[in-house]
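The values are calculated or read from the model by the stated rules, or taken from the named source; none is laboratory data. The model shown is predicted, which means the values in this text are computed figures rather than measured ones. Using ideal geometry, Cβ is built from the backbone for each residue, glycine included, and neighbour counts are taken over all protein chains shown. Ligands, DNA and RNA are stripped out before the accessible areas are found, and what is left, the full protein with its side chains, is counted by its heavy atoms. Shrake-Rupley method; radii C 1.70, N 1.55, O 1.52, S 1.80 Å.
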Amino acid sequence: MASAGISSVARTTPAASSSRPGPVSSVSAEPSTSSKSEIVFSTADTALAILKEVGEMTQNIPYIKAVSGICIQILKIKSEVDLFRDKWKIVMADVERIRELIDDYYDQVAAAPQQEQKIPKDLQRAFKALEENLQTTLVTLKRCQPQRKRDHVLLFLNRVQLTTAIDDCGRGMQNALHLFNAKLNFGSRTDTARIWDAISRKVKILPIEDTVTVPDLRPPPETLFGRETEMLKIVTGILKRTPPARIAIIGPRGIGKTSLALSALHHPDIASEFPNTRYFVPCGAAETPGDLLLQMATALGIFDDGALPLEKKILASLRSVDSCVVCLDGFEKPWEKDTQTREVEELLAKVASIPSVAVIVTMRGTERPAKTRWTPFLDPLTPLSLDAALQTFEAISGKRDEVATRLVQAMGCVPLDVHALARLAQSEETSQIWARWEVEGTSMLDREAVRHVEH
Ligand SMILES: Nc1ncnc2c1ncn2[C@@H]1O[C@H](COP(=O)(O)OP(=O)(O)OP(=O)(O)O)[C@@H](O)[C@H]1O
Ligand SMILES: [Mg+2]
């Protein structure tokens, strides 16, 4: 990774010095004295002066290097500043990421044919926003470095203002980082794929919310009875974070896998910990690994422009958020076809290899996908307790009598079937339903089951 400082940028970029003779190349980044505070002072001033100069030449690629150089200077200055170290650390982490992003972009653009080397307009705007932030940061850094004794008193008096100013720098840098990520992904450059590819290997990219709209999370089921133990295990497992949760909710058809997963995603503790980063991926219609990727992309709000393999984008996206929960619902569909089981398991393992991602998979059957370490381990879901099944029946039909108990037991307390009967009981007496049940048997439920699937 190239990491030229400002002085080398100013001296070694012919385009910069030929297009803008004078100030850029004449400003020296070398500190003129050796006292610590003066070093900071002169370096910050030098960086500010250069920033002003480079701002004029946005369209040239040496400009990219110059901006990267200023980031490096800022990182150096920060190591000299003792005040509010912890706050600055956060800001500087973003400056460092931005610098890496810019350097990668520079390397790629410099290697491209000359006619493609112009910085596109939307990216120029991102650079402009960054310039403003760099300037504010430099000024604030200077304010944190007392030059004289009496400055210490002033600093003490201005602590609150200063911490607010540093927080503002942090927010500004975060926005700049997001802007670069978004622009570098969806910018108008012709060889987006190549550049994207290089960048995605190295740095945090594509904050999900900033790219395209993430669909709303599917609402939770209206009722969920008798799954307290499982819920507790799931929620504590996710919140514990280490090891990251990889939870498989398995069991037969209609046993309540999806309901449990959705209720966990909406659990108040999970919602407050991951307010905007819970993703529900319906996989039931995904016949192939390609379909599965499309479903994931849709749930994550990723736009498939065909420029990069979707899998890479998805993984990069997931890496880019600080923490999130991804629920792959009905995963048996793409997984169960022998010819693609391995491929699907490998994709899941890649997602599960990202420590900041909590994974919930729901699937029919008794098997879990290989290559992923399932933790906390959840036993396959079994039918509801009689009491929970009756509560379910009553919540939907408003009825609870002796026949309802018989009906629910005849359904084996499987929630899907209990629901189907309870819906019938909204308009029929339980005794009528029992009579029908004795004649029609399960065929009467099939019609309700179809309604459930269509719903
Ligand atoms: N614990 C529960 N309490 C009340 N209702 C429930 C419960 N679990 C599931 N249900 C209801 O049962 C029906 C089937 O549940 P769900 O769709 O979650 O099952 P599933 O196991 O995901 O089914 P599939 O195998 O078809 O994916 C839904 O109408 C749901 O609201
Ligand atoms: Mg389901």
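Take the alpha carbon gyration tensor of the range 286-410, find the square roots of its eigenvalues, order them as a ≥ b ≥ c, and report rounded if a/c is under 1.5; if not, report prolate when a/b exceeds b/c, else oblate. Present the calculation step by step, with values, prior to reporting the outcome.
Working: a/c = 2.47, a/b = 2.25, b/c = 1.10.
Verdict is prolate for the range 286-410.
For the range 386-454, with every protein chain kept in place, what is the accessible area per residue (1.4 Å probe, Å²)?
Ligands and nucleic acids excluded, the figure is 50 Å² per residue.
Specify whether the C-alpha gyration tensor of the range 386-454 places it in the rounded, prolate or oblate class, a ≥ b ≥ c being the square roots of the eigenvalues: rounded for a/c under 1.5, otherwise prolate if a/b is larger than b/c and oblate if not. Mind dumping the intermediate values first?
Working: a/c = 1.43, a/b = 1.16, b/c = 1.23.
Rounded is the answer for the range 386-454, as its axis ratio a/c remains below 1.5.
Would you please put 340-353, 428-441, 86-99 in order of how densely packed they are, using the mean number of other Cβ atoms within 10 angstrom per residue and starting with the highest?
On the way: 340-353: 17.5, 428-441: 14.6, 86-99: 19.0.
Top of the packing list down: 86-99, 340-353, 428-441.
A 24 angstrom limit on the alpha carbon distance is what I want to check against. Which of Lys121/Lys142; Lys312/Lys371; Lys87/Lys350; Lys78/Lys240 exceed it?
Violating the 24 Å Cα-Cα cut-off are Lys121/Lys142; Lys87/Lys350; Lys78/Lys240.
With a/c under 1.5 counting as rounded, go ahead and sort the range 57-114 into rounded, prolate or oblate using the C-alpha gyration tensor (a ≥ b ≥ c being the square roots of the eigenvalues; past the cut-off, prolate if a/b is larger than b/c, else oblate).
The shape class here is prolate.
Between the range 81-140 and the range 339-405, what is the C-alpha centre distance in whole Å?
45 Å
Could you check the simple spin-label distance between Asp338 and Glu428, using points 7 Å along Cα→Cβ, in nm with one decimal?
About 4.2 nm separates the two model spin labels.
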